[in-house]
Amino acid sequence: MCGIVGYTGQQQAAPILLDGLGRLEYRGYDSAGLAIRDGGALAQVVKSTGKLRSLIEKTDEGRTLPGTCGIGHTRWATHGEPSQTNAHPHVSGNCTGSGSGKVESEVVGVHNGIIENYMELKAKLTRHGYQFYSETDTEVVIKLVDYYYNKYKLGPVDAINRTLVRVRGSYALALMFRDYPGEIYAARKDAPLILGAGSDFSCLASDVPAILNYTRSVYYIGNLEIAKLLPGELHFFDLNGDEITLEPTKITWDAKAAEKNGYEHFMIKEIHEQPEAVRNTLGSLISGGKIDLSESGLTDEVLADIDFVRFTACGSAWHVGMTGQYVLEEMAAIETRVELASEYRYRRVLPRGHELLIVISQSGETADSLAALRKAKSMGVRTLAIVNVVGSTIAHEADHVLYTHAGPEIAVATTKAYSAQLIAVYALAVQLAYVQGKIDGQAYGNYLEELSALPDKITRILEEKERIQWFAAKFASAKDIFFVGRGLDYSISLEGSLKAKEISYVHSEAYAAGELKHGTISLIEDNTLVIGVLTQSAIFEKTVSNMAECKARGAYLMALTSYGNYSVEDSADFTVYIPKSDPCFMASLAVVPLQLFGYYSGVARGLDVDKPRNLAKSVTVE
Ligand code: G6P
């Protein structure tokens, strides 16, 4: 969702901010804007709708906006249509037209998140004579800052603090004040914001890739904390306005990890990075032939006590939880439930005494997942976060954290982070099973062996990607696709279906194969593509029968199964074979051809696969 950048230093700010916004494009947006000021001069605002390219062209790559201090924004519309007027930056004064040009205003700002009580605040400000030119909640919060700034005349930190206590919702804010040239102020609550500084500059952004070329030393401010940026200096304040000290975190990613490195898209690059993501995540969890989760605080004593596991997450991370449910029940015989975070957070939940609630999130910032975590904590439930982004809010707030080591994931549709999340779940399941005496030492050793063989098996699948590419191109104009599977294969089908629809915009659905007869089969017409996932030998025949029922009604069948199951060719029109592994780990292999299918379908349709329409990588609003 919205991306924020800020820079104050010795260099021209606009090109740096445009570059930063480019690196945040993956977050999803529909308009963009900059506010730049040159020394004491008024800020100059330029906005445009559509792709960042149009802002780049409009500003001649930033050259028409001279100045060494500025803020920038890519907007994913929530309140108000995607238009130039609603695009950020917003200003505290009155604004005519689209809001571009030199602004007289006291305060100029950008915002990511949602201000829930903006209607009430707008009414208050209207009573005090403020007028509004846009439909956004952002304009309201900027004007509220201006109101307190002018009322108490105690400076920016005081005005922002007074605003923070009045505002409900989530936000990351970056603000410039007319009377404070060369300074940027920032604050956050439940929305990502990172800060960095070098010898003569400081900067801020919604995510690390935007500033990685300038600094590796990153500061994370907490909820309701404020940062003040000056060239080469960062100051932090708490809600009382007292200065606080924060320690930087060193980012160890290679800057190249956030580049395409010769691949056409980030998504295909990240698909190819899966063997490494899996290997690195395994490496962080297994040492000396044993699973070691103690760094997260999940000692064997803690694990021995758990008798109920609940996964909660959104999107693909929820699919990982779905796979985890099958794996934990199968391997560790622990009752497990999986819930969408957006559902869990608003329903009556009955926590169990020895429950472990696991939140899975690549970004560690997803609003619903964060709310679910907080709800569980408020009920006294032990929480574990499986997170990719170090220092993210979910990682920060959970009782225990297992980091996935997928590196930066830029494509909106997750691939390598999903694969790394599966590994963390497997390691937890094996360790739980072992500690609780559900498996013996021999089975434990076998599982570890199977796990360490996964990266090479994924590489082998990737070597055959051309077949999938051909098949995806053949079905690129499909109207509907149905993914079917039973048990763990159903959880894989859910992910395959999501990949297809989010990347190629083809309607697709995943069905538990046994449910087909209860409705979906009426949608099967001549040549409807049905993709059967058949990695579980115990239910192989059952799913094959369901696929045959579709074929009898005209469907075109693709089967995804492991080498050796050649009898499937009696029914399937096209078969993709993958190497065998333990049945519990098959999602790690079967997902790869499905990711490739989604990717190549999108490419064949000429779509922007890295940034599908209307989607955002990090969903920081509910
Ligand atoms: C968005 C992304 C998905 C991701 C989901 C959850 O919808 O496009 O790829 O699975 O959010 O994100 P999280 O960061 O919590 O894993």
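The values are calculated or read from the model by the stated rules, or taken from the named source; none is laboratory data. Just so it is clear, the structure is predicted and the values come from calculations on it, not from any experiment. Reconstructed Cβ throughout: ideal geometry from the backbone, glycine too, with neighbour counts over all protein chains shown.
Just to check your reading of the model, which residue among GLU120, GLU135 is outside any loop (DSSP other than H, G, I, E, B), surrounded by fewer than 20 Cβ atoms within 10 Å (Cβ to Cβ), assigned by TED's automatic domain parsing to the domain that holds ALA227 and at negative phi? Spell out the reasoning first.
Values: GLU135 fails: outside any loop (DSSP other than H, G, I, E, B).
Exactly one of GLU120, GLU135 is outside any loop (DSSP other than H, G, I, E, B), surrounded by fewer than 20 Cβ atoms within 10 Å (Cβ to Cβ), assigned by TED's automatic domain parsing to the domain that holds ALA227 and at negative phi, namely GLU120.
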query: Which members of region 497-515 meet the condition of being free of Cβ contacts under 8 Å to residues at least 40 places away in the same chain, under 11 Å from PHE482 (Cβ atoms) and either of a type outside the set (Asp, Glu) or within 16 Å of the ligand (Cβ to nearest atom) (or both)?
result: SER497, HIS507, SER508, ALA510, TYR511, ALA513
- prompt: Residues LEU498, LEU432: which one is farther than 16 Å from ILE291 by Cβ and assigned to a helix (DSSP H, G or I)?
  reply: LEU498
- request: Tell me which residues, restricted to region 353-377, are under 10 Å from ALA313 (Cβ atoms) and near the ligand (Cβ under 7 Å from one of its atoms).
  value: ILE360, SER361, GLN362, THR366, SER369
- prompt: Can you name every residue in region 17-43 that is under 11 Å from CYS69 (Cα atoms) and either of a type in the set (S, T, N, Q) or touching a Gly at 6+ places or on another chain (Cβ under 8 Å) (or both)?
  reply: LEU17, LEU34, ALA35, ILE36, ARG37, ASP38, GLY39, ALA41, ALA43
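Of all residues in region 1-42, count the ones that are of a type outside the set (A, V, I, L, M), part of a loop (DSSP other than H, G, I, E, B) and in contact with a Phe, Trp or Tyr (Cβ under 9 Å, 6 or more places away or on another chain).
Kept after step one, since they are of a type outside the set (A, V, I, L, M), are these residues of region 1-42: 2-3, 6-12, 15, 19-20, 22-23, 25-31, 33, 37-40.
Within this subset, residues satisfying the condition of being part of a loop (DSSP other than H, G, I, E, B) are 2, 9-12, 28-30, 38-40.
In the following step, the residues that additionally are in contact with a Phe, Trp or Tyr (Cβ under 9 Å, 6 or more places away or on another chain) were identified as 2, 9-11, 28-30.
Result for region 1-42: 7.
Might you check whether a residue that is of a type outside the set (Phe, Trp, Tyr), farther than 18 Å from SER493 by Cβ and at pLDDT 95 or above occurs anywhere in region 590-600?
Filtering region 590-600 for residues of a type outside the set (Phe, Trp, Tyr) gives 590-596, 598.
Then drop every residue that is not farther than 18 Å from SER493 by Cβ, which leaves none.
No, because not a single residue in region 590-600 is of a type outside the set (Phe, Trp, Tyr), farther than 18 Å from SER493 by Cβ and at pLDDT 95 or above.
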message: When you check GLY391 against the structure, is it in the same structural domain as VAL327 (by TED's automatic domain parsing), modelled with pLDDT of 95 or more and at positive phi, yes or no?
response: no
- request: Could you pull out the residue among HIS396, HIS400 that is surrounded by fewer than 22 Cβ atoms within 10 Å (Cβ to Cβ), closer than 30 Å to TYR219 by Cβ and more than 15 Å from the ligand (Cβ to nearest atom)?
  value: HIS400
- prompt: Out of curiosity, is ALA172 in the same structural domain as ASN94 (by TED's automatic domain parsing) and either out of contact with any Leu (no Cβ under 6 Å at 6 or more places or on another chain) or not aliphatic (A, V, I, L, M) (or both)?
  reply: no
message: Checking the structure you have, find out if any residue of region 325-336 is more than 29 Å from LEU195 (Cα to Cα), modelled with pLDDT of 95 or more and within 16 Å of the ligand (Cβ to nearest atom).
response: no
field: Of all residues in region 143-194 being touching a helix residue (DSSP H, G or I) at 6+ places or on another chain (Cβ under 9 Å) and among the β-branched types (Val, Ile, Thr), the one that is farthest from THR8 (Cα to Cα)
entry: VAL167
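If you check ASP526, ASP480, ASP489, which single one turns out to be of a type in the set (Asp, Glu), surrounded by 24 or more Cβ atoms within 10 Å (Cβ to Cβ) and assigned by TED's automatic domain parsing to the domain that holds TYR599? First the steps, then the outcome.
On the way: ASP526 fails: surrounded by 24 or more Cβ atoms within 10 Å (Cβ to Cβ); ASP480 fails: surrounded by 24 or more Cβ atoms within 10 Å (Cβ to Cβ).
Testing whether each residue is of a type in the set (Asp, Glu), surrounded by 24 or more Cβ atoms within 10 Å (Cβ to Cβ) and assigned by TED's automatic domain parsing to the domain that holds TYR599 leaves just ASP489.
Going by what's in this entry, would ILE410 be described as in a strand (DSSP E or B) and within 13 Å of the ligand (Cβ to nearest atom)? Can you show your working first?
Values: in a strand (DSSP E or B): no; within 13 Å of the ligand (Cβ to nearest atom): yes.
It is false that ILE410 is in a strand (DSSP E or B) and within 13 Å of the ligand (Cβ to nearest atom).
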- prompt: Just to be sure, is LYS542 surrounded by fewer than 24 Cβ atoms within 10 Å (Cβ to Cβ), within 16 Å of the ligand (Cβ to nearest atom) and among the charged types (D, E, K, R)?
  reply: no
